[in-house]
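First comes the structure, then the notes that go with it.
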Amino acid sequence: MFARIRVIAISTLTLGLAPMAFAQGFAPSFGNLGTTGIIDMPNAAMQPDGETSWSFFGNGAGSGGTLNFQILPNIEASARFISLDDWSAPGVSFADNALDIKFRLVNEGDIRPALAVGFRDFLSNGPTGSEYIVATKSIGQNLRVSAGVGWGRLGSYNPVGTPFGMRPPVDNTLGFEQMFAGDAALFGGVEWQTPLKALVLKAEYSSDNYSGEQVFGSFSRNSPFNLGAEYRIGERISLGAYYNYGSELGFRLSLSGNPNRPITAQDLGVGPAPVNARPADYSRDTSWAAVPVVRKKMMELLAEALAEDGLIVKQGRISGNRLDLYIDNTKYSRQPMAVGRLARILAGSTPPSIEVFSIVLMAGELPTTRIEINRADLEAQVDRPNAGPDSFAAASFSSAPFSIEGEDTWTPEAGRRFSWGLSPRIPVNLFSAGSIGEIDLLVAANAKYRVSRSFALNMSVTQKIIGNIGEGAAPSTSPLPHVRSNAALYDSSGPVVQRLTADYQFKLASSLYGRVSAGYLERMFGGVDAELLWKPSTRNWGLGANLSYVKQRDFDDILGFQTYETFTGFASLYWNTGWNDLEAQVDVGRYLAGDWGATFSLSRRFTNGWEVSGYMTLTDVSFTDFGDGNFDKGISLRIPFDWTLPFESRSATTLSLAGYGNDGGARLDVANRLYPAIRGNDTTDLYETWGAYWQ
């Protein structure tokens, strides 16, 4: 209980602090695990806000990878995947996946050091779990010193006492009681930026005894002192080399990116159309609107012109003083830019009697938010001070119905019903029972046939080109139904039908979305999945529910089924906090193996489309039976293409790092969930990105 109180107090203090930049000394560097630190030991330094890095490392104790993300200026999180050599027997490796998190409590001042508290393998009482408090101070511009105290693994060498009581034995369980308990040991280190600005030299005194690695194998820890060097190649590549423990050499390669620092200059394409204000004596005559053929021709010409700018008109209606458009933005990464470009085009191409532009943003075939813009406001605001906030305040926002209400609705003639494409896929098995670091290269063929606006047939087929996932895999011995633990046994040598579904999407009300999918939902399960989502456009939260009946697919027969069948479903809460781009999600329900529990997700989605998200799943399955990691956790990274390209694009690439084979906490991998499709179109998101409206 005492440990729990300590954690809550620390978290409360941290979240109450105003974020500030690390202003002293030279740029922070990475330790040999790919997190911000010295070598093995942490420090209180932080990367720039939003900095994201992917590191690969190896040393005498093990090897692995780390995805490190600066969540907020004072909070750093890392997903770490490591294989520890000769752990329980000679030649036997221990594959560990861990979530590390560090909070900076105090920022560095002229005299005051920075102070941070951190957790390795957060919440898990595992063999790599540890906690620490560390202070860091810059001396001049080229020297940084750190000193701290660690518990758990970081308290295993030359401990100075047990100030908070004994630590429970390592049992890989989830809990709080182990935090800051047990032996405490001191550590410290120094970092020196050499006259060669790209080179940093390091030395430290380590409080990690590496007890588990020394039981078997050839690893030996001869000294608590570690030496290292880091060399940076530009802003995005960092190389580390180390001599650790008096016996081993190590290395690290880190690749970094930051959503606030795009690789190329942004949006070098064609600029927006000018807004030509109507003269004071413009004609208000609306007689033209009484002729149906005129209205139809206007809509056809307008739709054709907008399509050239990546704005697809799905429905429209024009009257004497109002224009309604349902628009699918296929080009601009930020919806306000699409709305602003569209409004400018309308102001210069529609009859002067039209006073209101009503624009509905579509998510595929689902209408989401209706934005009404008064033409007179647009004309008065362009090129004026405060045009950004004034234009947002003057616009009207509401949830859109499924179709334009009333008569005389224009719908484009049916275009291509069939579409297809090829794309690469690179699944990665970072850790599963007995395996780590497996990877495949696949080519995926995706096809869609749209029967109607709401109903479509979808198919995805993959072919393995090269890879080693599943090589030598044995059948699972998990006591739970083998819903994921036999994943590596699914044959991938020939063409694999990943998805073959009939999908129906609809709206029951302006804020109530629905979807039903039936068929081969994913590689391991087929069946029926139904979903409802209540998400008003003017609220920053929503509620969802889904229910599925599924049956497990065969390993080798691409269309066959096994005997296992089950019901699974969840109630979900979605919340866009509107604070520092953070979004939260909670899903409570029944998982594929029949276990009950909850999944907690947190993501930071930047205004340019970058997103880093993490999740943790807890269920009623015992820690012994759950599977690798004892509770499921993972992290994913989404990088938009326009961060690397000098023009607008809505495409992105995604990397997911999660458990591969846990039966506990397993969920269906359904491709067309409702909330991911429509989010980004509500007023909270539009407000955050409205600066693009006039671009």
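The values are calculated or read from the model by the stated rules, or taken from the named source; none is laboratory data. All of these numbers come straight from a predicted model, not from anything done at the bench. Reconstructed Cβ throughout: ideal geometry from the backbone, glycine too, with neighbour counts over all protein chains shown.
How many of the residues making up region 420-441 are at pLDDT below 85, aliphatic (A, V, I, L, M) and either over 24 Å from the mean Cα position of the chain (by Cα) or assigned to a strand (DSSP E or B) (or both)?
So the count comes out to 4.
Against the numbered list (1) in contact (Cβ under 8 Å) with a residue 60 or more places away in the chain; (2) surrounded by fewer than 17 Cβ atoms within 10 Å (Cβ to Cβ); (3) in contact with a Phe, Trp or Tyr (Cβ under 6 Å, 6 or more places away or on another chain), Leu199 comes up short only at (1). Among residues that are surrounded by fewer than 16 Cβ atoms within 10 Å (Cβ to Cβ), more than 34 Å from the chain's Cα centre (by Cα) and not aliphatic (A, V, I, L, M), Gly175 is not included. Of everything in region 590-613 that is buried (at least 20 other Cβ atoms within 10 Å of the Cβ) and of a type in the set (Val, Ile, Thr), the residue that is modelled with the highest pLDDT is Thr599. Filtering region 333-354 to residues that are assigned to a loop (DSSP other than H, G, I, E, B) and among the aliphatic types (A, V, I, L, M) leaves only Ile354. Of the residues in region 614-627, not one is touching a Lys or Arg at 6+ places or on another chain (Cβ under 6 Å), within 24 Å of Glu565 (Cβ to Cβ), surrounded by fewer than 22 Cβ atoms within 10 Å (Cβ to Cβ) and free of Cβ contacts under 8 Å to residues at least 40 places away in the same chain.
Put simply, of Leu249, Leu239, Leu227 the only residue that is assigned to a strand (DSSP E or B) and either within 29 Å of the chain's Cα centre (by Cα) or of a type in the set (S, T, N, Q) (or both) is Leu239.
Is it fair to say Gly228 is surrounded by 14 or more Cβ atoms within 10 Å (Cβ to Cβ) and either modelled with pLDDT under 90 or not assigned by TED's automatic domain parsing to the domain that holds Glu611 (or both)? Taking the combined requirement at face value, the residue satisfies it.
What number of residues within region 137-188 satisfy the criterion of being polar (S, T, N, Q) and farther than 30 Å from Leu618 by Cβ? Counting residues in region 137-188 that are polar (S, T, N, Q) and farther than 30 Å from Leu618 by Cβ gives 5. For Gly680, the requirement of being assigned by TED's automatic domain parsing to the domain that holds Ser537 and more than 30 Å from Ala98 (Cβ to Cβ) is met. Residues in region 364-375 that are within 26 Å of Pro389 (Cβ to Cβ) and in a strand (DSSP E or B): 7 in all. Say we look at region 48-65 and pick out the residues that are polar (S, T, N, Q) and under 17 Å from Ile639 (Cβ atoms); which of these is farthest from the chain's Cα centre (by Cα)? Ranking the qualifying residues of region 48-65, first place goes to Ser55. Right, Val291: β-branched (Val, Ile, Thr), in contact with a strand residue (DSSP E or B) (Cβ under 6 Å, 6 or more places away or on another chain) and not assigned by TED's automatic domain parsing to the domain that holds Glu648 or not? When the stated conditions are applied, Val291 does not pass them.
Annotation note: of Leu559, Leu532, the sole residue that is in a loop (DSSP other than H, G, I, E, B) and of a type outside the set (Asp, Glu) is Leu559.
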